[in-house]
Amino acid sequence: MKYKNKLNTVLESGFQPSTTTKERVRMVLERKLTCHAPRRFQWALAVGSLLVLLGIGLYVRQPHPVELLGPSALHATNIYVAQNFGECGPRGLESQPDYIHFQ
Amino acid sequence: MQFEELYETFFVRVYNYARYRCETDTEAEDLTACIFEKLYRKFNSYNADKSPIEAWIFTIAHSVTVDFSRRKKIRSWFSFTPQQEENLPMDDNPARTLERTSLEEELQAALEVLTSQERELINLHYYQRLKQTDIAAITGLSQSNVGVLLHRAVKKLKFKLGNEL
């Protein structure tokens with residue numbers, strides 16, 4: 001019984017915050033309430049930044065030259081490569097390991 | 001009741017709620033400020049007919065503490081400080097350590113053997129003197145579960161600290 005009373009006394013005693021603690025918490029609280037940006041604004045800022053980064057990424061990315069060619073130009077390129085770099089035409093060149101087929 | 005009055009009336013109790021949950025005084029101060037910030041933002045939505053002010057305060061304190069712990073865990077992943085150093089007992093404020101009474105030392109020793117949830121329940125039951133039904137409503141646990149967890153926590157304290165107390 002005595003032991004239980006002692007345990008209860010300890011658990012019920014709690015911590016006594018000093019006056020400086022109280023003042024410090026008040027100062028932190030005041031700073032949070034006056035300077036802290038609203039959460040919605042933070043989210044908007046984060047999403048906006050991501051969109052701007054994505055936009056910059058898309059703008060900076062340069063298309064590969066082959067992407068600019070149409071199907072007929074690609075066909076002509078294949079024939080040109082075959083004629084200049086192989087004797088057997090495009091089909092014969094496909095078996096070569098370093099043959100590049102533009103699509 | 002004005003917010004200023006609420007702050008003055010409940011500061012010690014809210015601080016103790018935070019202090020039971022945190023490892024250090026500094027962390028408890030941060031958490032107390034976070035709890036009062038949320039209380040301030042929700043202050044106008046409090047309805048006295050719905051629930052007593054204590055239940056409202058500690059329900060908010062509970063949710064803020066859960067968020068706080070989650071953020072702390074995320075921060076620790078990116079921290080360069082080793083985990084063991086972060087969890088050192090509360091010697092981060094030497095002046096405060098000197099002020100501490102022997103009863104506070106014993107309480108701190110008792111809390112160190114409990115989990116965060118058990119500390120919360122011990123605080124709400126023994127320090128805040130709330131009923132098990134209120135504690136269940138605050139924590140989202142069932143009343144019987146609160147009883148079982150409290151019983152286990154006290155048993156653990158008796159087993160671990162039997163020789164010290």
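The values are calculated or read from the model by the stated rules, or taken from the named source; none is laboratory data. The shown structure was predicted, so the numbers you read here are calculated from the model rather than taken from an experiment. For neighbour counting, all protein chains shown are included, and Cβ atoms are generated from backbone atoms with ideal geometry for every residue, glycine included.
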Original post:
Under the condition of being polar (S, T, N, Q) and within 13 Å of B:LEU124 (Cβ to Cβ), which residue from region B:9-64 is surrounded by the fewest Cβ atoms within 10 Å (Cβ to Cβ)?
Top reply: B:THR59
Original post:
Quick one: how many residues across region A:22-81 are modelled with pLDDT of 90 or more and not in a helix (DSSP H, G or I)?
Top reply: 0
**OP:** Could you please let me know if A:ILE100 is at pLDDT below 80, of a type in the set (Val, Ile, Thr) and in a loop (DSSP other than H, G, I, E, B)?
**Re:** yes
Original post:
When you go through B:ALA61, B:ALA33, B:ALA55 one by one, which is the residue that is in contact with a Lys or Arg (Cβ under 9 Å, 6 or more places away or on another chain), of a type in the set (A, V, I, L, M) and touching a residue at least 24 places away in the same chain (Cβ under 8 Å)?
Top reply: B:ALA61
Subject >> In region B:28-45, the residues that are among the polar types (S, T, N, Q) and more than 9 Å from chain A (Cβ to nearest Cβ) >> reply: B:ASN44, B:SER45
**OP:** Find the helices (runs of 4 or more DSSP H) located wholly in region B:100-165 whose residues include 2 or more that are at pLDDT 90 or above, and list them.
**Re:** B:116-122, B:132-139, B:143-161
Subject >> Filtered residues of region B:3-23 (kept if of a type in the set (A, V, I, L, M, F, W, C) and not in a helix (DSSP H, G or I)) >> reply: B:CYS22
Subject >> Some residue of region B:15-25 being within 15 Å of A:MET27 (Cβ to Cβ), within 20 Å of the chain's Cα centre (by Cα), modelled with pLDDT of 90 or more and not aromatic (Phe, Trp, Tyr) >> reply: no
Original post:
Hey, among the residues in region B:108-125 that are over 9 Å from the mean Cα position of the chain (by Cα) and among the charged types (D, E, K, R), which one's surrounded by the most Cβ atoms within 10 Å (Cβ to Cβ)?
Top reply: B:GLU118
